[in-house]
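The values are calculated or read from the model by the stated rules, or taken from the named source; none is laboratory data. Keep in mind it's a predicted model, so treat the numbers as computed, not measured. All Cβ positions, even for glycine, are placed from backbone atoms using ideal geometry, and neighbour counts span all protein chains on display.
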């Protein structure tokens, strides 16, 4: 018994051999003398074509096999002229292992993405979602491999937390009660789903120098956009003893490593995405892995955007001045129109960034660096962390937080703390970027968005 | 600038060389002429000893460096007679980069595990927790590597869910309200934290043949034991087209792969655990990786336990008969006293197992297999899944569930479903097993248990 992936990898050695495999029916076309079964077993996005004659054993049963039924096939591998596949199987024996019902929702025709989202338990059987979710799986592994090779320690930061990190997004409450009496709750206090593992990662970076998290994070934001989900995965590396410049190096190296890993291991899936999801995807990724990312300070970006407006370019937010929280339109203009490649923007105004970012000596910017990529906008957000205890406390108070809530985080600065830098990479945005999928709900197996909780 | 890990890996080449590195003070011992700094940077559990004389530049400042302060040291690497380390650094220049306060809680002395849990933001700096969490990180990577090499697709099953899987543990509710009016809630319905990703993984196994999840799961159980936490990580592989026997093979191969990976990559940490957490740990793990796991049917186990009782062995639950839900004491007796190695128990009574397990033809057992290991009890639980739609519905109704709640899961059987088998491996139990840590709260960076939510 062979996986179909193995057959494709070694078909030249299998010519005229008798092979046996199991597959699910993608299509079944019959004619008087010969019939064609197209089967896939999920181990590859490539389908195998089986030819059988009407004198085959159990022909009556076999010929009734519907789309999505499971067949076991034994037959000879024969080279063909190459379209769509370089070989086919001439069956000598076929078993219908399990018949599908006629009302299988995924018949061989075009379906809208919206319809496919309603059958999230089945959509991964389509080539599009096989490609996306194989790439997602490979990219996840590439990320682990990258960090493990560099001796970063993988840390599972907590999912249930008593703090909501930067207080940014609204947090989901985790409870066993229906009355909001949290002092009598499971944890004896209000508990929330984490919006970031960064603060915990920082504590661990002080123990291991280099660490990374890779886990789910949550936002109870009522956003109905193609880029927001209530549940998504984040990678949050943290490095002790280094400054912002190392952050930029590691981010660029990481992104290129992932893309190179996909070229090495998922070229079939990338080609499929190139042909079906984003024309030019492979060229875009080739540019990425072969060029140096651009670097602009926030101040430079503001000047560039002002010039653009002066020259007649119209943004929805056209009032460009220092202090502006860049929108996706501005981010995309910088990396798509101006630099035409991934771009770091550094040293943002402190007012629009989190309390824990290191304040620069100019007293108005922080040592932050976001990575903007064409088509997406912000893919990575990072910074050097404030190492001065008093400045950290003052800044968190200015931003309306109670420093006591994060006593342990602040205290890290008391016990020997020499620089720390890190970043957050949104895993789904990365997958959108490398597959060309345009909606975040299509890169998450079972996406969660407002009023949308199924499966 | 070198990591201390690099220095240990290449110290023979660095003899008499001048090197520079950064580290945190584990201890600082002064005498009239020479002083000793023991530094660690977290990249290895090994410490580096620095010797400096009282004529070194900035002696007054350097000599005041407290435990947990950060130093940058430049000096010559000199071989020593080998205890505790084979070399030391004779400093030529020392910078105190950041001074710790005097009240640093982790002074060089023995601390109780209970005290260390109260400073979870600092405890990873101790050798014990450095060893445990490095092993945890490596084991996680070994698991990904094992499955990726076998072409399993990593699937992120959802964390927020509308179902609580087998209805076993109590589930946490996820909400943005305080009044329990879930129809007006974020998702428009009651939402819970997942207790298992298996059902979703099964849907994906039908698309990819072989898949695995690796993510957090949750139980709102009020258990105050050393083996239960409210938040823990699970690995749940699922394989289409195979039966229970393959499950056993993959489980055994996986566990051995992880242990071998740790021997190859974490021998220092394993030795530390052997010397400090569980005497005999390395021998135990060597037995595991060099022997074949035992297999007993549940029925055999009952006979063995009956015989034990007959011969005077006393269990807390001494009433042994078919139908008994084995307790940890029974599980440990089987693998520790009888087989003296990891043991699969197969074909449990259907009454004590989940609705989705395949019913055997004897009509009273299911095709389940749990793996019991010495010292822990159940480490893995697995089964072949029921493939017959009618039997599945009937069994879930018998167990008091409403089949409509899992319509999509049940429906998988309608659309061509030929066998599926899988298992769940509790990640923390695995880490306890391979480190010898006796409490689950010591293998989770920031553990969550009843009334315990800090950091």
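Laid out as a table, the results:
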quantity: Filter pass, residue A:179 being over 20 Å from residue A:443 (Cβ atoms) and either more than 8 Å from chain B (Cβ to nearest Cβ) or within 18 Å of the chain's Cα centre (by Cα) (or both); calculated: no
quantity: Among (1) at the interface with another protein chain (Cβ under 9 Å from one of its Cβ atoms); (2) farther than 25 Å from residue B:365 by Cα - the single one residue B:241 does not satisfy; calculated: (2)
quantity: Answer from B:246, B:255 - the residue that is within 19 Å of residue B:358 (Cα to Cα), more than 8 Å from every other protein chain (Cβ to nearest Cβ) and part of a helix (DSSP H, G or I); calculated: B:246
quantity: Among the residues listed as A:151, A:163, the single one being surrounded by fewer than 24 Cβ atoms within 10 Å (Cβ to Cβ), touching a helix residue (DSSP H, G or I) at 6+ places or on another chain (Cβ under 8 Å) and more than 8 Å from chain B (Cβ to nearest Cβ); calculated: A:163
quantity: Filtered residues of the range B:18-46 (kept if within 14 Å of chain A (Cβ to nearest Cβ) and touching a helix residue (DSSP H, G or I) at 6+ places or on another chain (Cβ under 8 Å)); calculated: B:21, B:23, B:24, B:39, B:40, B:41, B:42, B:43, B:44, B:45, B:46
quantity: Residues located in the range A:207-225, provided they are facing chain B (nearest Cβ under 7 Å) and either touching a helix residue (DSSP H, G or I) at 6+ places or on another chain (Cβ under 8 Å) or without any contact (Cβ under 8 Å) to a residue 12 or more places away in the chain (or both); calculated: A:207, A:208
quantity: Residue match in the range A:269-288 (condition: farther than 30 Å from residue A:110 by Cβ, touching a helix residue (DSSP H, G or I) at 6+ places or on another chain (Cβ under 8 Å) and at pLDDT below 95); calculated: yes
quantity: Residues of the range B:84-106 that turn out to be closer than 18 Å to residue B:3 by Cβ and in a loop (DSSP other than H, G, I, E, B), as a count; calculated: 2
quantity: Flag for residue A:196 being within 20 Å of the chain's Cα centre (by Cα) and more than 7 Å from chain B (Cβ to nearest Cβ); calculated: yes
quantity: Residue in the range A:128-144 that is part of a loop (DSSP other than H, G, I, E, B) and touching a helix residue (DSSP H, G or I) at 6+ places or on another chain (Cβ under 9 Å) present; calculated: no
quantity: Search result, residues across the range A:9-39 that are touching a residue at least 60 places away in the same chain (Cβ under 8 Å), surrounded by fewer than 21 Cβ atoms within 10 Å (Cβ to Cβ), within 22 Å of residue A:97 (Cβ to Cβ) and within 35 Å of the chain's Cα centre (by Cα); calculated: A:26, A:27
quantity: Which numbered condition residue B:212 misses (of (1) within 25 Å of residue B:369 (Cα to Cα); (2) surrounded by fewer than 23 Cβ atoms within 10 Å (Cβ to Cβ)); calculated: (2)
quantity: Residues being in a helix (DSSP H, G or I) and out of contact with any strand residue (DSSP E or B) (no Cβ under 7 Å at 6 or more places or on another chain) - total across the range A:198-221; calculated: 4
quantity: Any chance residue B:351 is assigned to a helix (DSSP H, G or I), touching a residue at least 12 places away in the same chain (Cβ under 8 Å), surrounded by fewer than 14 Cβ atoms within 10 Å (Cβ to Cβ) and out of contact with any strand residue (DSSP E or B) (no Cβ under 6 Å at 6 or more places or on another chain); calculated: yes
quantity: Positions within the range B:108-137 being over 24 Å from residue B:453 (Cβ atoms), more than 8 Å from chain A (Cβ to nearest Cβ) and either surrounded by 21 or more Cβ atoms within 10 Å (Cβ to Cβ) or free of Cβ contacts under 8 Å to residues at least 12 places away in the same chain (or both), in sequence order; calculated: B:109, B:110, B:131, B:135
quantity: Single match in B:221, B:238, B:253, B:249 (criterion: at pLDDT below 95 and either surrounded by fewer than 19 Cβ atoms within 10 Å (Cβ to Cβ) or under 28 Å from residue A:140 (Cβ atoms) (or both)); calculated: B:221
quantity: Residues (away from chain B (no Cβ under 14 Å) and surrounded by 14 or more Cβ atoms within 10 Å (Cβ to Cβ)) located in the range A:47-56; calculated: A:49, A:50, A:51, A:52, A:54, A:56
quantity: Qualifying residue in the range A:55-62 (condition: under 37 Å from the mean Cα position of the chain (by Cα) and outside any loop (DSSP other than H, G, I, E, B)); calculated: no
quantity: Residue count for the range A:226-271, restricted to those that are in contact (Cβ under 8 Å) with a residue 60 or more places away in the chain and farther than 24 Å from residue A:340 by Cα; calculated: 20
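This table checks each residue for (1) over 13 Å from the mean Cα position of the chain (by Cα); (2) surrounded by 23 or more Cβ atoms within 10 Å (Cβ to Cβ); (3) at pLDDT below 95; (4) outside any loop (DSSP other than H, G, I, E, B).
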{"position": "A:369", "(1), (2), (3), (4)": "yes, yes, no, yes"}
{"position": "A:380", "(1), (2), (3), (4)": "no, yes, no, yes"}
{"position": "A:387", "(1), (2), (3), (4)": "yes, no, no, no"}
{"position": "A:405", "(1), (2), (3), (4)": "yes, no, yes, yes"}
{"position": "A:418", "(1), (2), (3), (4)": "yes, no, yes, no"}
{"position": "A:422", "(1), (2), (3), (4)": "yes, yes, no, yes"}
{"position": "A:428", "(1), (2), (3), (4)": "no, yes, no, yes"}
{"position": "A:445", "(1), (2), (3), (4)": "no, yes, no, no"}
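Residues checked against (1) more than 26 Å from residue B:389 (Cβ to Cβ); (2) in a strand (DSSP E or B):
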residue: A:5; (1), (2): yes, no
residue: A:23; (1), (2): no, yes
residue: A:37; (1), (2): no, yes
residue: A:65; (1), (2): no, no
residue: A:68; (1), (2): no, no
residue: A:73; (1), (2): no, yes
residue: A:82; (1), (2): yes, no
residue: A:108; (1), (2): no, no
residue: A:111; (1), (2): no, no
